[in-house]
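Presented below is the structure to which this report refers.
The values are calculated or read from the model by the stated rules, or taken from the named source; none is laboratory data. What you see is a predicted model, and the numbers here were worked out from it, not measured in a lab. In this analysis, Cβ positions are derived from the backbone assuming ideal geometry, glycine residues included, and neighbour counts consider all displayed protein chains.
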Amino acid sequence: MRDYLWVALGGFVIVALALTFANRSRTGRAWRALRDDPLAAEVMSMPVNRMMLLAVAVGAGVAGLAGAINGAYYQGVFPTSFGFPVLITVYAMVILGGAGSLPGVVAGAILINVMLEVLRTPDHARWVFYVAIIAGLLAKVRPWRVLAAVLSGLVVFGLVVNAIVGAIWPRGTAGPISTGVLDFTKQGWLAEALRHWLVLPKNTYEVANYQVGNYAFVILIGLVLALTVVRGWRRYVLLVPTTWTAAFVWETRLIEEAPTTRPLFLGVILIVLMATRPHGLFGAPRVEIV
């Protein structure tokens, strides 16, 4: 395994250097011009078709080298190894880092792979989910007094719902919270706080009770769609039950299904990133001259 690590690292360094030099050459500048505006590049007498074929050939060569190392390591290549989740992962790496930025793609690959490994464990995935929720609220809800009102309303809403359901239906708040271990008594402070804030029915993680999470997921989609329609203070009010429902769906349905949750989480990241920063974290924004 260590030998293949050095082979892969050597191949990566060679490809990275070659692409860096190519990007700084006349061919690289022609590729960038072709990417930004093919019509303008053709007017500037650039051989558009030949440059496109050359770009495809270089990309195929890099993919072939990576595939050869991958096939040698696994001693075989099978179509099932490159399904839809792999496609989502590759797109997430490129879009997160920034298309056209080699350091950005490398950073995106590292971030995505680390995130996928973190999402394997429910307790770690829980931290990623709630940190992402808080970061989203901090970034988008303004002014600060509105953010404080939304966060306060979110806390009060969860506690009130938990108390009402617990009084009417005690089994509705008697369920455990998943931590990735068989002993549900070994829980951190976050898991314990969530038990008093969410509604977790008894035997939540049994297959027979998955319908509760499925119904909540449908409701969550409706709430998210409603958020895109309403304006003003109504949006901030609706944000409270929407966020709480998202947490409920996460804890009752998604957190235990890592193979489904991880591509879904990456898809959400792609949608949010493409809406807020289309050029990625490290990519240069496209400038259009009108």
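A compact table of results
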{"item": "Hits in the stretch 74-114 - residues which are within 14 Å of L264 (Cα to Cα), touching a residue at least 24 places away in the same chain (Cβ under 8 Å) and hydrophobic (A, V, I, L, M, F, W, C)", "result": "F84, I88, A92, I112"}
{"item": "Near pairs, Cβ below 6 angstrom, 6+ apart or cross-chain, from the stretch 243-271 (within 14 Å of I221 (Cβ to Cβ) and not assigned by TED's automatic domain parsing to the domain that holds I134) to any residue that is modelled with pLDDT of 80 or more and outside any helix (DSSP H, G or I)", "result": "none"}
{"item": "Matching residues, the stretch 189-222, being modelled with pLDDT under 70, assigned to a loop (DSSP other than H, G, I, E, B) and either touching a helix residue (DSSP H, G or I) at 6+ places or on another chain (Cβ under 8 Å) or crowded, with 18+ Cβ neighbours inside 10 Å (or both)", "result": "N203, T204, Y205"}
{"item": "A284 being exposed (fewer than 13 other Cβ atoms within 10 Å of the Cβ) and modelled with pLDDT under 75", "result": "no"}
{"item": "Which listed residue is of a type outside the set (S, T, Y), surrounded by 15 or more Cβ atoms within 10 Å (Cβ to Cβ) and either touching a Ser or Thr at 6+ places or on another chain (Cβ under 9 Å) or in the same structural domain as V268 (by TED's automatic domain parsing) (or both), from V128, V141", "result": "V141"}
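Residue by residue, here is whether (1) within 29 Å of the chain's Cα centre (by Cα); (2) over 18 Å from G98 (Cα atoms); (3) in contact (Cβ under 8 Å) with a residue 12 or more places away in the chain; (4) outside any helix (DSSP H, G or I) holds:
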| position | (1), (2), (3), (4) |
| --- | --- |
| F21 | no, yes, no, no |
| R32 | yes, no, yes, no |
| R35 | yes, no, yes, no |
| M51 | no, yes, yes, no |
| A57 | no, yes, no, no |
| A63 | yes, yes, no, no |
